Amino acid sequence: MSTERFKRQSFLGANSQDQIARTVIGVVGLGGGGSHIVQQLAHIGFQNFVLYDDDVVEDSNLNRLIGGTAVDERSMSQKLYVARRMIFGLQPQANVVGVPSKWQQDPSALQRCNIVFGCMETLLARSELEVFTRRYLIHYIDIGMDVHGDNPPVIGGQVVLSSPDGPCMRCVRFLTDEGLTDEAARYGDAGDRPQVVWPNGVLASTAVGIAIDLVTGWTRKRRNFDYLVYDGTRGTVKPSLYIQKREFGPCPHFPTDAIGDPRFTEL
Amino acid sequence: MTTEIRIPRGLYEAVLADLRRPHDFAFERVGFLKGRLCSPQRDQRLILLHDYRPVSDEHYRPDDTVGANIGEAAMSTAMKAAFDGRATCDGVFHVHLHDEDGFTGMSRVDARELPKLPPGFASIGKTAVHGVVILSKNHGSAWEYSTDEKRLVEVPRIVVVGAPLAIFDKRRLW
């Protein structure tokens with residue numbers, strides 16, 4: 001790999017490019033958020049990717065799908081194809097495993113990841129992916145955005161880091177039973193959620209920044225959780241009020257021995 | 001089939017802290033980690049380290065020829081862990097520290113003595129993988145006991161999962 005290419009990010013640490021190149025990254029969902037993330041990771045120098053998406057490029061994606069083109073829409077390219085094209089354009093030697101299905105249908109490749117980005121729409125999907133990553137000791141970084149109301153509309157979003165030895169998304173009150181129940185009650189009612197490119201860019205960049213800190217430790221913050229809230233009206237990203245005011249102990253939702261393959265055991 | 005061992009950073013740092021405690025007469029400390037074997041996926045399998053059992057002070061025996069000599073009581077505790085781990089595929093990994101920088105491997109004494117341990121664990125914990133982990137200040141090496149080959153086989157990668165994420169590849173300084 002060219003050292004010239006990465007000299008302006010050498011402040012990340014003496015061995016940072018080596019660390020980056022050996023880390024295995026998973027991205028679940030390659031739409032508005034995931035496509036930003038893949039592009040940035042490829043620029044930074046990541047070499048090992050596991051990508052999941054079962055969708056093809058449609059006209060309604062082109063307002064925000066990074067790397068997507070009108071030709072992709074006409075030829076019904078898979079979003080996986082668009083992501084792979086971006087990666088190989090920057091990192092021709094990269095190892096890319098692309099899985100054209102829901103991750104739950106074929107989770108085997110995801111196990112090999114060290115960090116997984118979740119770019120999905122529902123709380124339930126986030127919850128399921130967090131359970132999986134916790135079981136196999138994988139860092140999970142979740143991003144999502146939404147638009148509420150109409151007078152005027154308000155853009156909100158979040159980036160959450162859930163690490164195996166830190167508080168989970170329930171501990172930081174991003175996932176709650178009430179939220180999951182409410183979502184289940186609205187099942188089939190959601191319609192097309194508003195999505196635009198710039199909030200996804202902010203959230204994806206923030207998430208990638210967290211991942212780089214995990215891999216290189218360049219900030220020395222040693223954070224094992226985070227819950228950052230995006231306010232699209234003010235253009236701010238801040239730690240959620242809930243985590244600002246609390247010290248977190250061991251996560252009660254994921255005991256340390258609740259790892260590995262789920263098994264029935266004799267009582 | 002490649003194997004990757006993962007250990008949460010909190011556990012990793014607790015192990016290092018325990019192994020660094022001086023003992024009244026032993027030159028170094030040893031301990032045992034529990035490692036859970038996951039089903040193989042796409043030519044890779046994971047062993048997830050999730051519990052640490054230090055060896056009590058009184059279970060060391062005076063011996064000037066080795067860094068640490070532990071007695072039957074300590075071995076019984078480790079054997080019981082191998083027995084108890086059958087249902088959950090938890091194996092037992094001997095662990096000790098070479099308090100130096102960079103890549104570390106087995107010393108001559110390690111190479112002579114450590115291969116004797118895992119076959120005993122494997123004889124009663126057949127559903128799991130057992131082995132040896134040797135840590136340095138900023139690296140580590142591990143071996144799993146192959147019941148087919150009846151020898152220790154080096155594990156290519158140990159990942160310390162936390163902040164920061166650390167990857168210890170076989171014979172590489174990290």
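No value in this document is a laboratory result; all are computed from the given coordinates. Quick caveat: nothing in here was measured; it's all calculated off a predicted structure. For neighbour counting, all protein chains shown are included, and Cβ atoms are generated from backbone atoms with ideal geometry for every residue, glycine included.
For B:Thr65 and A:Lys7, what is the calculated FRET efficiency with R₀ set at 45 Å and r taken between the beta-carbons, to the nearest 0.05?
0.30
Taking a 29 Å limit on the Cα-Cα distance, which of the listed pairs A:Lys7/A:Lys221; A:Lys221/B:Lys137; B:Lys34/B:Lys137; A:Lys102/B:Lys150 fall beyond it?
Too far apart for the 29 Å limit: A:Lys102/B:Lys150.
Quick check: from the Cα gyration tensor, does the range B:2-169 come out rounded (a/c under 1.5), prolate or oblate?
oblate
Starting from the amide H of B:Phe25, placed 1.01 Å from N in the peptide plane, find each other amide H under 5 Å away whose residue is 5 or more places distant or on another chain.
Answer set, sorted by chain and number: none.
Counting pairs of alpha carbon atoms under 8 Å apart in space and at least six apart in sequence, what relative contact order in percent does chain A give?
20
Label A:Thr219 and B:Arg112 with points 7 Å out from Cα along Cα→Cβ: what is the distance between them in nm?
5.1
I need the phi-derived Karplus couplings for the range A:13-30: 6.51 cos²θ - 1.76 cosθ + 1.60, θ = phi - 60°, integer Hz, Gly and Pro marked x.
x, 4, 9, 4, 5, 5, 4, 4, 5, 9, 6, 9, 10, x, 10, 9, x, 10
How do A:His148, A:His43 line up, fewest other C-beta atoms within 10 Å first?
A:His148, A:His43
Tell me, what ³J(HN,Hα) does each residue in the range B:37-48 have, in order and in whole Hz, if you take phi through Karplus 6.51 cos²θ - 1.76 cosθ + 1.60 with θ = phi - 60° and put x for Gly and Pro?
7, 9, 4, x, 9, 6, 6, 9, 10, 10, 10, 9
Let me know the shape class of the range A:176-267, please: from the alpha-carbon gyration tensor, a ≥ b ≥ c as square roots of the eigenvalues, rounded when a/c is under 1.5, otherwise prolate if a/b is greater than b/c, or oblate.
Because a/c hits 1.5 or more and a/b fails to exceed b/c, the range A:176-267 counts as oblate.
Counting only DSSP beta bridges with both residues in the range A:14-244, tell me the antiparallel percent, nearest 5.
The answer is about 55 percent antiparallel.
Of A:Ile141, A:Ile25, A:Ile212, which has the largest mean-square fluctuation in a 10 Å C-alpha GNM of chain A?
Result for chain A, Cα springs under 10 Å: A:Ile212 fluctuates most.
Which of rounded, prolate, oblate describes the range A:1-141, given a ≥ b ≥ c as roots of the alpha-carbon gyration tensor eigenvalues and a/c under 1.5 marking rounded, otherwise prolate only if a/b is larger than b/c?
Oblate.
For chain B, with the dipole built from +1 on Lys and Arg beta-carbon atoms and -1 on Asp and Glu ones, taken about the Cα centre, which of B:Pro40, B:Val92, B:Gly102 lies farthest toward the positive end?
After comparing all options, I get B:Pro40.
Relative contact order for chain B: what percent, with Cα pairs under 8 Å and sequence separation of 6 or more?
Reported relative contact order: 24 percent.
Give the long-range amide H neighbours of A:Tyr227: residues separated by 5 or more places, or on another chain, with amide H under 5 Å away, using H modelled in the peptide plane at 1.01 Å from N.
Under 5 Å from the amide H of A:Tyr227 lie the amide H atoms of A:Leu161, A:Ser240, each far enough along the sequence or on another chain.
Could you derive backbone 3J(HN,Hα) for the range B:83-90 from the dihedral phi with the Karplus parameters 6.51, -1.76 and 1.60 (θ = phi - 60°), listing whole Hz in sequence and x where the residue is Gly or Pro?
With the stated coefficients, the range B:83-90 comes to 5, 5, x, 4, 5, 9, 6, 8 Hz.
Using amide H atoms built 1.01 Å from N in the peptide plane, name the residues 5+ places from B:Gly91, or on other chains, whose amide H lies under 5 Å from its own.
B:Gly35, B:Arg36, B:Leu37, B:Val129
With +1 assigned to the C-beta of every Lys and Arg and -1 to the C-beta of every Asp and Glu, and no other charges, what is the dipole magnitude of chain A about the Cα centre in debye, to the nearest 20?
1180
Given Cβ point charges of +1 (Lys, Arg) and -1 (Asp, Glu) and nothing else, what value in debye, to the nearest 20, does the dipole of the range B:2-169 about its Cα centre take?
Roughly 540 debye, rounded to the nearest 20.
Give the separation of the Cα centroids, the range B:18-52 to the range A:40-99, in Å.
Rounded to whole Å, the Cα centres lie 39 Å apart.
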